[in-house]
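A.B. asks: A single structure is presented below for examination.
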Amino acid sequence: AQSVTQLDSHVSVSEGTPVLLRCNYSSSYSPSLFWYVQHPNKGLQLLLKYTSAATLVKGINGFEAEFKKSETSFHLTKPSAHMSDAAEYFCVSSGTASKLTFGTGTRLQVTL
Amino acid sequence: GAGVSQSPRYKVAKRGQDVALRCDPISGHVSLFWYQQALGQGPEFLTYFQNEAQLDKSGLPSDRFFAERPEGSVSTLKIQRTQQEDSAVYLCAAGDTQYFGPGTRLTVL
C-alpha cells in the first residue's frame, strides 16, 4: 500500500525567505507523487507531479520538488516565499487506477 | 480548474435528510473521482468512474452513500439519511491528472 507522511503540520516563514515542506513516501514500487495546494475556500490546484521522468520536478509559481529514492522523500521547495503562497499544501501519492492518497497537509504561513 | 464544476457549493441538511451532490466535468474527461474532506484533514477517496462504469467504490463509508454517472459525464453523489459525521467538503476530480472542482460543503445539523 502507498502512503505519504507530511512531517510538519504547520510551517511559518518570512516573506522572501526559502520554503521547505517535507514529505516522505512509503511504497513497494516507484510511485507517482504530487503536490497540491489549497487556498482558503478554493479548490485544490496541482503544483507539480513526479512520474519518474526526472528526479527534480518544476511546478507552477516557482515551486519545485526533488524525488530522493535513497531517503524516500519528495520535499517541496521555493527559493523565496510570497504572501500569496500562504495556503494548505498536500503531498499526494497515486496508486492503482490513479486513486490519490493524500497526506495530512501542511499549513504554510508567510509573515512580513 | 480545467472545467470541473460542482453544485450546490453549500448544502445544509437536517439529520436524516437525503442529499444529492452534482459534479459536471465540462471538458468531458473519461475518469471521474469523488473525495471527502473532513475539517482539518486531507481529502479521502470515495469512488472512481471510468465513463459510466464505477470501477472502485471501496472508499464509500457506508451503504448510505451512492454514486452514479449514467451517461459518462455528469456524476451525482447521493447520501441517504444524512448523519452529523457526514459533514465535510465533497470534492470531485476529473481526468487522469485529476483536476478538482471547488467542492460542496455539506453541513448536517
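The values are calculated or read from the model by the stated rules, or taken from the named source; none is laboratory data. From a predicted model like this one, the values you see are computed outputs, not experimental measurements. Counting neighbours? That spans all protein chains shown, and the Cβs are built from the backbone with ideal geometry, glycine included. SASA here: full protein model, heavy atoms, side chains in, ligands and nucleic acids out. Shrake-Rupley method; radii C 1.70, N 1.55, O 1.52, S 1.80 Å.
A.B. asks: How many angstrom lie between the C-alpha centres of the range A:68-103 and the range B:51-109?
C.D. replies: First find each Cα centre; the distance between them is then 24 Å.
A.B. asks: In addition: Averaged across orientations, what area in nm² does the convex hull of the alpha carbons in the protein assembly as shown project?
C.D. replies: Directional mean of the projected Cα hull area for the protein assembly as shown stands at 12.1 nm².
A.B. asks: Counting partner chain Cβ atoms within 10 Å of every residue's Cβ in B:94-103, what's the average?
C.D. replies: Per residue, the number of nearby Cβ atoms from other chains is 4 on average.
A.B. asks: By per-residue mean of other Cβ atoms within 10 Å, what is the highest-first order of A:102-108, A:76-82, A:8-14?
C.D. replies: A:102-108, A:76-82, A:8-14
A.B. asks: Determine the total buried accessible area between chain B and chain A, counting protein heavy atoms only with a 1.4 Å probe; round to the nearest 100 Å².
C.D. replies: Interface between B and A: roughly 1300 Å².
A.B. asks: Let me ask something additional. For A:Gln109, put the label point 7 Å out on the Cα→Cβ axis and report which residues of the range A:4-29 keep their amide N under 14 Å from it.
C.D. replies: Once the point is set 7 Å along Cα→Cβ of A:Gln109, A:9-15 turn out to lie under 14 Å by backbone N, inside the range A:4-29.
A.B. asks: Using a 10 Å Cβ count of at most 15 others and DSSP loop calls, identify the longest part of chain A lacking such GluC sites (Glu not before Pro).
C.D. replies: In chain A, the maximal stretch lacking such sites is A:16-70.
A.B. asks: How much of the DSSP beta bridge set in the protein assembly as shown is antiparallel, as a percent to the nearest 5?
C.D. replies: Restricted to the protein assembly as shown, the bridges split so that about 90 percent are antiparallel.
A.B. asks: Given a 1.4 angstrom probe, I'd like the percentage of the accessible area of the protein assembly as shown that is carbon and sulfur, rounded to a whole number.
C.D. replies: That share works out to 49 percent.
A.B. asks: Got a sec to turn the phi values of the range B:84-89 into Karplus ³J(HN,Hα) couplings, 6.51 cos²θ - 1.76 cosθ + 1.60 with θ = phi - 60°, whole Hz, x for Gly and Pro?
C.D. replies: Result, ordered by residue: 4, 6, 7, 4, 4, 9 Hz.
A.B. asks: Still on this structure, please answer the following. Under a Cβ-Cβ cut-off of 10 Å, what is the net charge of the residues other than A:Leu76 that fall near it, where Lys and Arg count +1 and Asp and Glu count -1?
C.D. replies: 0
A.B. asks: Give the lysines reachable from B:Lys14 as a straight Cα distance under 24 Å; neighbours fewer than 8 places away on the same chain don't count.
C.D. replies: List returned: B:Lys78.
A.B. asks: Right, something else. Only Cα pairs under 8 Å and at least 6 apart count here; give the relative contact order of chain A as a rounded whole percent.
C.D. replies: That works out to 37 percent.
A.B. asks: Defining a contact as two alpha carbons under 8 Å apart and six or more residues distant in sequence, what relative contact order in percent does chain B show?
C.D. replies: Relative contact order here is 38 percent.
A.B. asks: A follow-up question, please. Tally Lys/Arg at +1 and Asp/Glu at -1 over every other residue whose Cβ is under 13 Å from the Cβ of A:Phe67; what's the total?
C.D. replies: Local charge sum for A:Phe67: +1.
A.B. asks: Continuing with the same structure: Looking at the range B:32-61, which residues lose a minimum of 50 Å² of accessible area between their chain alone and all protein chains in place, measuring with a 1.4 Å probe and not counting ligands or nucleic acids?
C.D. replies: Listed in order, they are B:Pro43.
A.B. asks: In peptide A:48-58, how many Cβ atoms from other protein chains are near each Cβ within 10 Å, on average?
C.D. replies: Going residue by residue through A:48-58 and averaging, the value is 0.
A.B. asks: Also, I was wondering about something else. With springs connecting C-alpha atoms under 10 Å apart, model chain B as a Gaussian network and identify which of B:Tyr48, B:Tyr90, B:Tyr99 has the largest mean-square fluctuation.
C.D. replies: B:Tyr99
A.B. asks: Now a separate question. Let me confirm one metric for peptide A:101-110, namely the mean number of other chain beta-carbon atoms within 10 Å of its residues' beta-carbons.
C.D. replies: 2
A.B. asks: Before I look further, what does the range B:4-100 give for accessible area per residue, probe 1.4 Å, in whole square angstrom?
C.D. replies: Ligands and nucleic acids excluded, the result is 50 Å² per residue.
A.B. asks: Just to verify a number: what accessible area does A:Ile60 come out at with the full protein assembly present, 1.4 Å probe, Å² rounded to tens?
C.D. replies: Spelled out: A:Ile60, probe radius 1.4 Å, area about 60 Å².
A.B. asks: Of the peptides B:101-108, B:65-72, how do they stack up when ordered by the mean number of other Cβ atoms within 10 Å, highest first?
C.D. replies: The packing order, highest mean first, is B:101-108, B:65-72.
A.B. asks: Let me ask something additional. Taking R0 as 22 Å, what's the FRET efficiency between A:Ser52 and A:Leu7 from their Cβ-Cβ distance, rounded to 0.05?
C.D. replies: 0.45
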